[in-house]
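So the structure is just underneath, and the comments pick up after that.
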Amino acid sequence: MHELLLAGFGGQGVMLMGKILAYAGMKEEKQVMFIPSYGSEMRGGTANCSVILSEEEIDAPVVSKPTVLVAMNTPSFDKFESSVKENGIIILNSSLITKETTRENVKIVKVPASDIAKGLGNERIINMVLLGTLIAVTNCVKVGSIMASLKEILPPHRHNLLPLNQKAIEDAMSLVK
Amino acid sequence: MDKVSSFPKTLVDVPMHYCPGCTHGIIHRLVAEVIEEMEIAFKTVGIASVGCSCFCYDYFNFDVVASAHGRAPATATGVKRVHPECLVFTYQGDGDLAAIGTAEIIHAAVRGEKISVIFVNNGIYGMTGGQMAPTTLPEMKATTSPYGRSTALTGYPIKMTEMLALQDGCVYAERTKISSVATINKTKKAIRKSFELQIAGKGFSVVEILSTCPTNWGMEPLESIKWMEENLETYYPVGLIKDEKEVK
Amino acid sequence: MTTKVLMKGSEAIAEAAILSGCRYFFGYPITPQNEIPEYLAKHLPKVGGTFLQAESEISAIYMVLGGAAAGARVMTSSSSPGISLKQEGISYMAGAETPCVIVNIMRGGPGLGAIQGAQPDYWQATRGGGHGDYRLLVLAPATVQEAVDLTYQAFDLADKYRNPVMILGDGILAQIMEPVELPEANNQLPDKAWAVGKNENRPRNIVSSSYPKVDELEKVSIRLHERYAQIKKNEVRWDSYLTDDAEYVIASYGSAARIAKAAIKMARAEGIKVGLIRPISVWPFPTEPFQNIVPQTKFFLSFEMCTGQMIDDVRLAIGNERPVYHYGRLGGVIPLPEELLAKIKELVKEAK
C-alpha cells in the first residue's frame, strides 16, 4: 500500500498531482482514495493532499504516516518530515529546499524540480517533474496510466500541454534510473 | 330574470371564523371571484401563511399549501418553480409579511418571482391576540404596547409595499383599502391586475389592502373603518405605488 | 462493465440526486458542503432542472416544502449551523407529509464551531431535530460509493413514506475522492395524487401541517407514528466487520467507522478479537445486531467524532447487559486508528 503525502504552496499544482495519481491508480483497478487537506488548512501557507493506492480495500480516510512525502518547498518539508513512516521516502525539490534531513531511517531523493521545469520552459510543470520522480522511485503507477489520466483530467483546450507534461515526467524518470 | 351575482364556485360554502367586521371575508371573496372570472381555478395554488388567515384553505376551493409564519413567499417560490403554468399567490397579514417574513418577501421581489402577494395590513397581530406589529402606528395601543407604541423604544411603522416596489423584480405594487363598495371594487381590480400580470409571465406583484381589526382595536366595525381611513391611511396612503409601465 | 469515475463525496451525492430524478435544489452556501450546490448549479440546468440559491437556509427549506408539495423530487443540503436553521421547515415538512432529501455534512460545533468534519449532530438528526413528535429516516454513508447508493435510494424512500429523508455525512466524506459506479438514471417517478398543481379532474388538494382540532391532530400523530413503525420494520440498515468471534464490539458510523475498521485490523494483528457494527440507518437504529451479539461480547465501545451521542442508542439496545464506553475526538480533529487502538487495548486490559 502506498500512502502518499504531497505538499507545497498554492499554485505548485499539488492537488492536480494528487488527482492524477488517484485517477491513474483507478485505471489500474487499484483501490484509491484522494484526500485533500481538510477545511481551513486549504487557506494560506502550505497546500497538501494525500493519495492512497492499494490492492486491498481502503479503510481510514486519513494519512498520518505517509510512506512517501513529496515536499515542494521548505515549509512543507519542515511540517511533514517527521511524519514519514520508518523506511519511507522523502522526495524533495532541491531547487528550493537546501536543508538536510534529520531523519536517519528514511530514503531521501533530491530533485532540482524547479530548475528542471524552468529548463523545459515552464515553471508550472514542477508537479509533473516530481510526479515522474515519484513513479520512478515507487513504481506506484505506470507512466502510461498517468498520461491517459492527464488526457482525461485536463480540459481539451489544455491538451496542447500534454507533450510538455510527458517530457517533464519522462525526463525526471530518466534522472532516477 | 337574469342572474347578476352568485356564490363563487371558488369558495367553499361554509361559515367563516372571522370576527364581525373583519374584512378578511370580503378579501377572500374578491380573490375567489377574480379566479372564477379568469377561469383559472384549475391551475391556482394558494399559499396560506400564519395569522388570522391561516385557515383560508378551509374557504378557498382550490389547491392550497400552508406555510409557516413569514415563509409563504419561499413556499410559493418552490411551487411556482415546479409549476410555472400555475397561478401562485400568497395571502399574508402584516405580522407575517412585515416582521418575521421580511427576508422572504423582499427576496421574492428581488428575484422577480412570478407570484402575486395579497398583503392584508391592519396594523396589529390579530390571531395571537392584538400584539404590536411592525406596522402599528405611533402611540397606537396594543397588548404589547399597552401605553401606545413608543417610537423611542420600537421605532416607526414599516412601509413594506414601498420597499418592495423599489426592487427591479417587482412589476406592480398598489395599496388599496376595504371601506366601501367603491374601494372594494378598486381592490378587486388591483387583485385582477396582479393575477393577469402573473399569467402573462411578467414578475412579482403585490396588492396591499388596508384592513380593520375591530376586535383587537376595541371598536365597533363601522367605527373601525372610520379609524382606519383617518389613521392607518394617513401613514399608508392608498393608490398605485408602482405600475407595470414603469418596468422596462 | 460499468465504468468507474473518480468523484468527490459531495459531488457524488449531487450526481446521485440527479440520477434519482431530483430536478429542484434550493440551498444556501456553507462550508464544507459547497460542492453540492455548486455541482447542481452547473448540472441541473442541463437536465431541465432548477437550482436556486435562497437568501437563507430558512427560505431554502420552505422552497423545498413548496417544491415537494408541488410533487417534485427536491433536495437541499447544508452543514450543521445551517441545518439548525432549517429545523422549523423540516418539522413542517414532516407534519405536512411532504417527501424531500436533506443532506447534512456535519462540522464541529456548537455555535459557529469549525468547518472540519465531525459528527456532533447525531441527536438532532435521529430525534427529529425540530419541534414536535416526528422522525426523519436518516442514512449515514461511510464511503463515496455508499453516498451515491444511499442518496439515490433516499428519494424513493422519501416518496414511499411521504417523509423527509436525511443523508448524514461529514466533512471527510464530502471532501475525499473515491472511484464510484453510478446507477442508471431513474425515469419512472411515482405519481403523487396528493400534490398541488393543475387540478382539472380531481378535488382540491391541501398540503398542510396545521390541524387546529386536537382530536384530528391526535389522529395525524398516530398515523405518523404508525408510519415510523413501518420504517423501523422495513428500513433498518447496518453492516458488520469481524463480529463472528468478536469479544469486543465497536459501534461506529460514517467516516469514523472506516477509522474503526483500520484500528480493528491493527488490533486483530495483535490477537485482540474486536469487531465492528456499523449502523447505516442511524434512524431507524439497528438494535437487533447489538442485542444478538451481547452473549459473546465483553464490552461495547461507541466510537464517534463527538462526545458520545450514538452511545445512548447502543445502551438502549443492550440495556445494562454490558459496559458501553465511548471514544472520540472533538471539534473536527480526526481521530487516528492508532489512538483508537490504544483505547481498545486499555479497555481490554481493564476488562481482564
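Couple of notes before you dig in:
- Answer residue from the stretch C:272-294, given it is touching a strand residue (DSSP E or B) at 6+ places or on another chain (Cβ under 8 Å) and part of a helix (DSSP H, G or I) and is surrounded by the fewest Cβ atoms within 10 Å (Cβ to Cβ) among those: C:Pro289
- Counted residues, the stretch B:189-248 - those being within 16 Å of the chain's Cα centre (by Cα), farther than 23 Å from B:Ala32 by Cα and not hydroxyl-bearing (Ser, Thr, Tyr): 5
- Odd one out for C:Leu139 among (1) within 11 Å of another protein chain (Cβ to nearest Cβ); (2) closer than 30 Å to C:Tyr327 by Cα; (3) crowded, with 24+ Cβ neighbours inside 10 Å: (1)
- The stretch A:86-124: number of residues that are in a helix (DSSP H, G or I), surrounded by 17 or more Cβ atoms within 10 Å (Cβ to Cβ) and not small (Gly, Ala, Ser): 1
- Residues of the stretch C:206-236 satisfying the condition of being in contact with a Phe, Trp or Tyr (Cβ under 6 Å, 6 or more places away or on another chain) and within 9 Å of chain B (Cβ to nearest Cβ): C:Ile206, C:Ser209
- When residues in the stretch C:247-273 are screened for being more than 14 Å from chain A (Cβ to nearest Cβ), touching a helix residue (DSSP H, G or I) at 6+ places or on another chain (Cβ under 7 Å) and over 16 Å from C:Val138 (Cβ atoms), 4 of them pass.
- Subset of the stretch C:46-60 that is surrounded by fewer than 16 Cβ atoms within 10 Å (Cβ to Cβ) and not hydrophobic (A, V, I, L, M, F, W, C) - its residue that is farthest from the other protein chains (Cβ to nearest Cβ): C:Lys46
- Checklist (1) modelled with pLDDT of 95 or more; (2) in contact with a Leu (Cβ under 8 Å, 6 or more places away or on another chain); (3) under 28 Å from C:Glu304 (Cβ atoms) applied to C:Gln87, failing item: (2)
Every residue, every condition in (1) outside any helix (DSSP H, G or I); (2) surrounded by fewer than 22 Cβ atoms within 10 Å (Cβ to Cβ); (3) in contact with a Cys (Cβ under 6 Å, 6 or more places away or on another chain); (4) more than 13 Å from chain B (Cβ to nearest Cβ), yes or no:
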| residue | (1), (2), (3), (4) |
| --- | --- |
| C:Ile13 | no, no, no, yes |
| C:Ile18 | no, no, no, yes |
| C:Pro29 | yes, yes, no, yes |
| C:Glu38 | no, yes, no, yes |
| C:Ser77 | yes, no, no, yes |
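- Identity of the residue in the stretch C:92-103, within 12 Å of another protein chain (Cβ to nearest Cβ) and assigned to a helix (DSSP H, G or I), that ends up farthest from C:Ile13 (Cα to Cα): C:Gly95
- The listed residue being assigned to a helix (DSSP H, G or I) and modelled with pLDDT of 95 or more, out of B:Ala32, B:Ala68: B:Ala32
- Residue among C:Ala72, C:Ala54, C:Ala16 that is over 25 Å from C:Val220 (Cβ atoms), free of Cβ contacts under 8 Å to residues at least 60 places away in the same chain, assigned by TED's automatic domain parsing to the domain that holds C:Arg227 and of a type in the set (Gly, Ala, Ser): C:Ala54
- Residues (at positive phi and at the interface with chain C (Cβ under 8 Å from one of its Cβ atoms)) located in the stretch B:55-78: none
Residues are listed down the side, and each one gets a yes or a no for (1) within 21 Å of C:Ala118 (Cβ to Cβ); (2) surrounded by fewer than 15 Cβ atoms within 10 Å (Cβ to Cβ):
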position: C:Glu270; (1), (2): no, yes
position: C:Gln296; (1), (2): no, no
position: C:Gly319; (1), (2): no, yes
position: C:His326; (1), (2): yes, no
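- Residue in the stretch A:41-55 that is facing chain C (nearest Cβ under 7 Å), modelled with pLDDT under 95, more than 12 Å from A:Glu3 (Cα to Cα) and surrounded by fewer than 24 Cβ atoms within 10 Å (Cβ to Cβ) present: no
- Those residues of the stretch B:14-69 which are acidic (Asp, Glu) and closer than 22 Å to B:Thr128 by Cβ, in sequence order: B:Asp58
- Being buried (at least 21 other Cβ atoms within 10 Å of the Cβ), among the basic types (Lys, Arg), away from chain C (no Cβ under 14 Å) and not in a loop (DSSP other than H, G, I, E, B) holds for only one residue in B:Arg81, B:Arg175, B:Arg149, and it is B:Arg175.
- Any hit, the stretch C:79-91, residues being part of a loop (DSSP other than H, G, I, E, B) and either touching a residue at least 40 places away in the same chain (Cβ under 8 Å) or more than 10 Å from chain B (Cβ to nearest Cβ) (or both): yes
- Scanning the stretch C:169-203 for residues that are surrounded by 16 or more Cβ atoms within 10 Å (Cβ to Cβ), assigned to a loop (DSSP other than H, G, I, E, B) and within 12 Å of chain A (Cβ to nearest Cβ) yields a total of 1.
- Residue pairs whose Cβ atoms lie under 6 Å apart, separated by 6 or more positions or on different chains, with the first residue in the stretch C:111-125 and more than 10 Å from chain A (Cβ to nearest Cβ) and the second modelled with pLDDT under 90 and surrounded by fewer than 24 Cβ atoms within 10 Å (Cβ to Cβ), do not occur.
- Filter result for the condition that a residue is assigned to a strand (DSSP E or B), surrounded by 22 or more Cβ atoms within 10 Å (Cβ to Cβ) and within 14 Å of chain A (Cβ to nearest Cβ), over C:Met166, C:Met106: C:Met106
- Condition check for B:Gly95: away from every other protein chain (no Cβ under 11 Å) and crowded, with 24+ Cβ neighbours inside 10 Å: yes
The values are calculated or read from the model by the stated rules, or taken from the named source; none is laboratory data. Everything quoted here is computed from the prediction, not taken from an experiment. No Cβ is skipped: glycine too gets one built from the backbone with ideal geometry, and neighbour counts run over all protein chains shown.
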